[in-house]
1. Looking only at segment 45-61, count every residue that is under 15 Å from residue 108 (Cβ atoms) and either surrounded by 15 or more Cβ atoms within 10 Å (Cβ to Cβ) or modelled with pLDDT of 95 or more (or both) and tell me the total.
2. Which residues, taken from segment 50-77, are touching a residue at least 40 places away in the same chain (Cβ under 8 Å) and under 13 Å from residue 95 (Cα atoms)?
3. Which residue is surrounded by the fewest Cβ atoms within 10 Å (Cβ to Cβ), if the candidates are limited to segment 1-19 and must be out of contact with any Asp or Glu (no Cβ under 9 Å at 6 or more places or on another chain) and touching a residue at least 40 places away in the same chain (Cβ under 8 Å)?
4. Take the conditions at pLDDT 95 or above, over 14 Å from residue 103 (Cα atoms) and either of a type in the set (Val, Ile, Thr) or assigned to a strand (DSSP E or B) (or both) and apply them to residue 9. Does it pass?
5. For segment 20-40, which positions are outside any helix (DSSP H, G or I), touching a Phe, Trp or Tyr at 6+ places or on another chain (Cβ under 9 Å) and surrounded by 15 or more Cβ atoms within 10 Å (Cβ to Cβ)?
6. Only residues that are in contact (Cβ under 8 Å) with a residue 12 or more places away in the chain, out of contact with any Asp or Glu (no Cβ under 6 Å at 6 or more places or on another chain) and not small (Gly, Ala, Ser): list them for segment 115-125, please.
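The values are calculated or read from the model by the stated rules, or taken from the named source; none is laboratory data. Note that the structure is predicted; figures quoted are calculated from it, not measured. Reconstructed Cβ throughout: ideal geometry from the backbone, glycine too, with neighbour counts over all protein chains shown.
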Amino acid sequence: MAGGNSLAIIADKKTGKTYKKEIKPENLSLLNGRRVGEEIDGIFFEMPGYKLKITGGSSIDGFPMKPDLFIQGKKRILVTYSKGNRGKSGLRERVTFRGAIVGPDISQLNFIVTQYGPDPLEKPEETKE
């Protein structure tokens, strides 16, 4: 999560909407070492009472996080494609993924709301006069 440009994309199951929040620099170090699938408190994003589950993300290089790759950095792994392939069956390809542990090179984290707090996620629009 380098340079303060880190984003949190929060999905709301009830409404089907997603919300974009910036991750503050003081909260960046607190999220390091967390894994995909872990629940965190919504206080990280000024959402008291909410619980959020980490569902994925991507690194600053654009590589997606893979939930079953338990490392902090990047790794090239052999992936077998079976569906949607019109050529040979069982096509295998070496693809680079980011591990499931949050580190300093994450630029986007995806969350889903698991417990709702007292305040709504969507803030009412301020009227300008």
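1. Residues that pass the stated criteria total 9.
2. The one that is touching a residue at least 40 places away in the same chain (Cβ under 8 Å) and under 13 Å from residue 95 (Cα atoms): 65.
3. Here the residue is 14.
4. Judged against the criteria, residue 9 is a match.
5. Passing the criteria: 21, 23, 40.
6. Listed by number, the residues that qualify are 115, 116, 118, 119, 122.
Residue by residue, here is whether (1) surrounded by 10 or more Cβ atoms within 10 Å (Cβ to Cβ); (2) of a type in the set (Asp, Glu); (3) at pLDDT 85 or above holds:
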site	(1), (2), (3)
96	yes, no, yes
102	yes, no, yes
105	yes, yes, yes
110	yes, no, yes
114	yes, no, yes
129	no, yes, no
